[in-house]
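The values are calculated or read from the model by the stated rules, or taken from the named source; none is laboratory data. As the structure is a computational prediction, the values presented were derived from the model and not from experiment. In this analysis, Cβ positions are derived from the backbone assuming ideal geometry, glycine residues included, and neighbour counts consider all displayed protein chains.
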Amino acid sequence: MPGRGLVRVPSGDRGLLGCHAHVPPPDSRDRRRPHRGRWSPPVAVHPVSTSPDGTGAADIGNILVAELLPRNVGRPHHRRARPGRAPDPPNPSEHLDSALVPATTPASTGEPAVRVDGLTKRYRRVEAVRGLDLVAPRGRITALLGPNGAGKTTTVECCEGLRRPDTGTVRVLGLDPVRDAPALRPRVGVMLQDGGLPSTVPALEALRHVSRMYARPRDVSELAERLGLGSFARTPVRRLSGGQRQRLALATAVVGRPTVVFLDEPSAGLDPQARLAVWQLVRDLRADGVSVVVTTHQMAEAEALADHVVVVDHGQAIASGTVDSLVGGDGSMHVSVQPLAPHRAEPADAELARHLTDALGRSGHEHSVTTSSLAGTLEVHGPPGPELVHAVTGWARDQELLITSLTTGRRTLEDVFLDLTGRSLR
């Protein structure tokens, strides 16, 4: 048909955000089109991100995938009965409601909102995920941390149904995100870094457009006010700044009142005021019982929001737990020392750790000490108290080094992350 394009997605890669769909041209994506006497909303367009090595998976990288939700979700529609014709069988998707949770969902069985067991995914010669296990507790905020190329995005895309796992199992609300995608679409919100919204549509109208796909959406005006969308409500999506796009993408992810929401770098590119507003919205989602999975590179964001943290590296989950359990519930102290003269390189780190541990032992404190050096700064982690500082300054005296800067503080999640994944660039 002239003016319409058909985007075909391989059957093995249809997920919560996509299947075969006609995508209308940009100037008619928000046009009210008659459909048997009633208006049917157009589809929302989302891009599928490429694989870590840039090759894509199953040739679906950089294409537009239409998010086809059941039309008039929650509003049953029946054909007029014809003489001599048997009635149509009931369609379960006609009765789906994003605010309703069936009896077999995690809310009643105690199952986690997201469970991943033994997930593996390979892109040609690159094994992006290698036997990864992950649990996101229901009603909690789970932060997924890891260096670039660690496998975070691939794992989340498998949870969203955009990628089919090579091996392993993925369950979202107890359902398979690929096989049970129609049942999950109204109940899962997804925030992609690229947004995926029609570029010529004004920002607020794009949000209203997405809200019409759900049976019981959030109030668009209230959501727009909370995230400060009013200042660019009439600006086309293509002209929005990076931070404005992030806020709009977050709004479209939560407008349908999802039970589970996946947020990819929700505060990337935001100014401090907008970041605080986003954080408060995420906390309010948790207060409403929504399960949130966040991928982020900002350790301060994970510390401020996360109830549960999973650190991923080289395609595997290498650590998980609460922030306190990872940084050390005993209140481990962090000492940063900057000597006037550069201290010795790598071999001195192990030597210094032994020296400080022995010094603490002589003072009656049986604790181990870890050290690392980066850019002329010595980092020491050990038990809280003045004894550790005294041991560090004693070592500097023995080495005839003048300390120009010494700071102490509680060990942070960033310290743990660097200890687990290394400090060298990749």
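At-a-glance table
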item: Boolean, S373 is at pLDDT below 75, among the polar types (S, T, N, Q), in contact with an Asp or Glu (Cβ under 7 Å, 6 or more places away or on another chain) and not in a helix (DSSP H, G or I); result: yes
item: In segment 126-168, the residues that are out of contact with any helix residue (DSSP H, G or I) (no Cβ under 8 Å at 6 or more places or on another chain) and either part of a strand (DSSP E or B) or among the basic types (K, R) (or both); result: V126, E127, R130, G131, D133, V135, A136, T142, K152, T167, G168
item: Residue in segment 189-199 that is of a type outside the set (V, I, T), closer than 19 Å to A113 by Cβ, modelled with pLDDT under 95 and under 21 Å from the mean Cα position of the chain (by Cα) present; result: yes
item: Within segment 185-236, tally of residues that are at negative phi and assigned to a loop (DSSP other than H, G, I, E, B); result: 21
item: Residues within segment 169-184 that are outside any strand (DSSP E or B), surrounded by 20 or more Cβ atoms within 10 Å (Cβ to Cβ) and in contact with a Leu (Cβ under 8 Å, 6 or more places away or on another chain), tallied; result: 4
item: Condition met for S291 (crowded, with 19+ Cβ neighbours inside 10 Å and of a type in the set (S, T, Y)); result: yes
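Results for (1) outside any helix (DSSP H, G or I); (2) among the hydrophobic types (A, V, I, L, M, F, W, C), shown as yes or no for each residue.
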position	(1), (2)
A277	no, yes
L281	no, yes
R286	no, no
V294	yes, yes
A302	no, yes
V310	yes, yes
I318	yes, yes
S325	no, no
Q338	yes, no
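Here is a yes/no grid of residues against (1) at pLDDT below 75; (2) in contact with a strand residue (DSSP E or B) (Cβ under 7 Å, 6 or more places away or on another chain); (3) of a type outside the set (F, W, Y):
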residue: A345; (1), (2), (3): yes, no, yes
residue: S363; (1), (2), (3): yes, no, yes
residue: P383; (1), (2), (3): yes, yes, yes
residue: T404; (1), (2), (3): no, yes, yes
